[in-house]
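In what follows, a structure is listed as structure tokens, so that the remarks can point back to it.
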Amino acid sequence: MTTVSLTDVASYLPGEPVPAEFYTDFPGAEDKLRNHPMFRVPPLRHHVARDETNADMVERAVQPLIDRHGGEEIRGVDVLLVHSQLPDLPFVGAGTEVARRLGLNPEWLIDVANAGCASFVYMLKLARQILTSTDAKTALICNAQSAAGQWFTQSEVRKLAQAAIPGDGCGVGYVTTSAHSPVLDVETRHIGAYAGDMTVAVDDGRKYWEPGDSQLRIGFTDASVAKVLARGNRLVPEVVTELCRRIGVASTDIDALITNQPNRTFLRNWREALQLPAERHLHTFDAYGNLFGAAIPVTLDSAVSSRQVKDGDLLVLGGFAHAGDFAGAVAVRWHGGRD
């Protein structure tokens, strides 16, 4: 079987850091869920500018890859996979605009709408499958998250506890048919039974795209939050443990674990379930908040740059999406260090 590598990653964070007080000191900010494990506020996060798009962020995130590998190599990628947490336009994804901006002409271009906060794992699996079963040799996988500075800054939504958790950013990965930084295995699960539990809400009962006065928010209730906590606590350790079994290691052999980062409670529970010390479960939650699908590549880029992830490390990336309708984990023997 052709060996596929996660050869490099890069990222982009928009604007200056936004402090927690932007939300907590806002007139009318609610206290109801502030101390709930799901909604403990990170000190900082970043917000997109009003006119900044997903394609803008991907273009900026890819630039370090161009600097390190050359424009000709990146422009020649055969596969482009893009996940946008909040699409800029209905009907079309960001993929074709990303291709135009970067001068790409990929044989495969897919806007990936599912897998949410774990979509980097899913796109890495898709890229691996395409690269091992076709003539394609290289892929670019992109995660853009732009909801924090747009959706969650609406005047009424900004008062809610849920608004203070997300941050914006973009992470990208360069995938090649090589043994440089090999993908060892991938474990993914699509769980249709939980698909209907991710909801949005408006006060006037309209469809989300119909005009109205109420502002769209995530439909959290006490019951739905309890379900998400229970599922998330179980799903991520399950997929990571199964992945480790398949590659013949114990979870305690993981040198660096990077997951999505919905909140500190999940981060603590996952590392405890996998019996990993805090220094081996890397995250950027306090600085960047919940980056949704961008969290894994952004945190990996930060960890490689700061040498928290080193050449030869067994790297595991994992997470779950939405209310638990997807979970996945991937193991990489990392050799993507930078001089």
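The table below gives the values:
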quantity: Any helices (runs of 4 or more DSSP H) falling wholly within the range 1-85 and containing at least 1 residues that are polar (S, T, N, Q) and at pLDDT 95 or above; calculated: 54-69
quantity: Pick from the range 190-209, criterion touching a Gly at 6+ places or on another chain (Cβ under 7 Å) and part of a strand (DSSP E or B), ranking: surrounded by the fewest Cβ atoms within 10 Å (Cβ to Cβ); calculated: VAL200
quantity: LEU276 surrounded by fewer than 23 Cβ atoms within 10 Å (Cβ to Cβ) and within 16 Å of the chain's Cα centre (by Cα); calculated: no
quantity: Flag for VAL316 being assigned to a strand (DSSP E or B) and β-branched (Val, Ile, Thr); calculated: yes
quantity: Residue that is most open to solvent (accessible area, probe 1.4 Å), among those in the range 213-250 that are assigned to a helix (DSSP H, G or I) and β-branched (Val, Ile, Thr); calculated: THR241
quantity: In the range 284-303, residue surrounded by the fewest Cβ atoms within 10 Å (Cβ to Cβ) [restricted to those that are within 19 Å of ALA329 (Cβ to Cβ) and aliphatic (A, V, I, L, M)]; calculated: ALA303
quantity: Scan of the range 89-124 for residues that are in contact (Cβ under 8 Å) with a residue 40 or more places away in the chain, surrounded by fewer than 24 Cβ atoms within 10 Å (Cβ to Cβ) and in a loop (DSSP other than H, G, I, E, B), ordered by number; calculated: PRO90, ASN114
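The values are calculated or read from the model by the stated rules, or taken from the named source; none is laboratory data. On a predicted model such as this, the values are computed, not experimentally measured, just so you know. Note that we place each Cβ from the backbone using ideal geometry, even for glycine, and neighbour counts take in every protein chain shown. These accessible areas exclude ligands, DNA and RNA; they are computed on the full protein's heavy atoms, side chains included. Shrake-Rupley method; radii C 1.70, N 1.55, O 1.52, S 1.80 Å.
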